[in-house]
Amino acid sequence: MGAGHAHKLYRQDASPVHDLPPHCKIAASFLFVIVVVSTPREAMWAFGLYAVLLGVVATAARIPVGFLLKRLLIEIPFVAFAVLMPFVVPGDKVHVLGLALSENGLWGAWNVLAKGTLGVAASVILASTTDLRALLLGLQRLRLPSLLVQIASFMIRYGDVITDEMRRMSIARRSRGFEAKGVKAWSVLAKSAGALFIRSYERGERVHLAMVSRGYAGSIPVIDEVTATGAQWRYAAALPASALVVCLLGWTL
């Protein structure tokens, strides 16, 4: 893997969660989400305990509440979908504030909101405590197919390159008096999109030729190997293990 690549979700800090190896955090987050999804929707108290567990992790990671809540806004489309469910899902009706709502739809909306919010929150905490380079190293350590790791690496690294190219093209259009107003501007924007695609494709070919000339043979060498001690694995496993206990209680009580 190459040099580090910062992203907006990552929050630089020194905390026990930041210090954990990336593959431990990825595995713990994945298992936590699996447990949350497996919890019966009727056990509403269980989701409250899951939120408390994530709050403890966020506190240990020194992530401010405002930072976390702001990043949770990404799930707004799911919230909109959940709001519609009581109105469109068939089934027995219940009256709430004069509205006839589907009982199954209400349960479905709660299920989507609760599990989706907890899953997004776990992902935000993971991204806030692990930079992109470490995430890629962690995925490789967890034996994710090498080709998928490479694709993710290139996508991350050259996303900013393409974005910067778009910015320069936008500046060039504005310097020539172009304003994106009305249908007439669509043809210019379409041509710009085509030009961007061609430039991106050509850049990709140049990058590939440069890699091949430097000995690339289908895999990217790992400069430093990330390892984890038994204590670090146990520390990371505390979150999914605690969630599993809550899930089992949710099924039995």
Sole residue being of a type in the set (V, I, T) and without any contact (Cβ under 8 Å) to a residue 12 or more places away in the chain, chosen from I125, I63, I76: I76
Against the definition (within 30 Å of I26 (Cα to Cα), of a type in the set (G, A, S) and in contact with a helix residue (DSSP H, G or I) (Cβ under 6 Å, 6 or more places away or on another chain)), how does A243 come out, yes or no? yes
Meets criteria (surrounded by fewer than 20 Cβ atoms within 10 Å (Cβ to Cβ), touching a helix residue (DSSP H, G or I) at 6+ places or on another chain (Cβ under 9 Å), under 17 Å from K25 (Cα atoms) and not acidic (D, E)) for L139: yes
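Yes/no matrix, rows are residues, columns are (1) assigned to a helix (DSSP H, G or I); (2) more than 26 Å from L136 (Cβ to Cβ):
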| position | (1), (2) |
| --- | --- |
| M155 | yes, no |
| G182 | no, yes |
| V188 | yes, yes |
| R203 | yes, no |
| W233 | yes, no |
| P240 | yes, no |
Which of the residues that make up the stretch 195-217 are open to solvent by less than 50 Å² (accessible area, probe 1.4 Å) and either among the charged types (D, E, K, R) or more than 18 Å from A172 (Cβ to Cβ) (or both)? G204, V207, A210, M211
Which pairs turn up if I take residues in the stretch 192-205 that are within 23 Å of E179 (Cβ to Cβ) and look for partners that are open to solvent by 60 Å² or more (accessible area, probe 1.4 Å) with beta carbon separation below 8 Å, at least 6 apart in sequence or on another chain? L196/M166
Which pairs have Cβ atoms under 8 Å, sit 6 or more apart or on different chains, and link a residue in the stretch 103-116 that is among the charged types (D, E, K, R) and part of a helix (DSSP H, G or I) to one that is open to solvent by less than 60 Å² (accessible area, probe 1.4 Å) and modelled with pLDDT under 95? E103/G91; E103/V94
Looking at P90, is it of a type outside the set (A, V, I, L, M), more than 24 Å from the chain's Cα centre (by Cα) and not in a helix (DSSP H, G or I)? yes
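The values are calculated or read from the model by the stated rules, or taken from the named source; none is laboratory data. Every value quoted in this text rests on a predicted model; they were computed, and no experiment measured them. Because the Cβ atoms are built from the backbone with ideal geometry, glycine has one as well, and the counts that use them run over all protein chains shown. Heads up: the accessible areas ignore ligands, DNA and RNA and are worked out on the full protein's heavy atoms, side chains in. Shrake-Rupley method; radii C 1.70, N 1.55, O 1.52, S 1.80 Å.
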